[in-house]
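Worksheet: the structure to be examined is printed underneath.
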Amino acid sequence: MAAASDAESRQASHILLRKFGTKLMKAQIKCRAISLRGDPRDEIVHKCIDIDPVMLVVGSRGMTGLKRVFVGSTSDHLVHHSPCPVVVVHRHHRPADEQEHHRRHLFHRDRDDTDKQKQKEEKEQQEAPVSA
């Protein structure tokens, strides 16, 4: 059963690599997508030493707190140990507290813009000539 699971995992990995490799090639970005086995931190550093890439692009799951302390961050390890520059791509969505901060910021800016518009209109009315 473990062998079937391992084979399925490798097949899924290859499909994913082909998918993103194809997207990058269509965008005329030269890349090399490689599937590795073992501890990703060590394996990626060793592979970078072997192939001497111009840069390494990795994702980040955005772990924080104790989870990051116990599990460790692969991207953080690669930034500090890779022999080449590392670009870390973060998730698309924002944590809930950051989303709320962003909403508040937009609300305040929108309200400020509305207040400025009101002030402008009031000033124009005051400056407008009074007709009899």
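The values are calculated or read from the model by the stated rules, or taken from the named source; none is laboratory data. The structure displayed is predicted, hence computed values, not measured ones. FYI the Cβ positions are ideal-geometry reconstructions off the backbone, even for glycines, and counts take in every protein chain you see. Areas reflect the complete protein model, heavy atoms only, side chains present, ligands, DNA and RNA absent. Shrake-Rupley method; radii C 1.70, N 1.55, O 1.52, S 1.80 Å.
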Original post:
Among helices (runs of 4 or more DSSP H) lying entirely in the range 18-107, which contain 3 or more residues that are modelled with pLDDT of 85 or more and open to solvent by 60 Å² or more (accessible area, probe 1.4 Å)?
Top reply: 40-51, 74-81
Original post:
Under 6 Å by Cβ, and 6 or more places apart or on different chains, what pairs join a residue from the range 41-67 that is closer than 19 Å to residue 29 by Cβ and touching a residue at least 24 places away in the same chain (Cβ under 8 Å) with one that is of a type in the set (Gly, Ala, Ser) and open to solvent by less than 70 Å² (accessible area, probe 1.4 Å)?
Top reply: 48/82; 56/82; 58/75
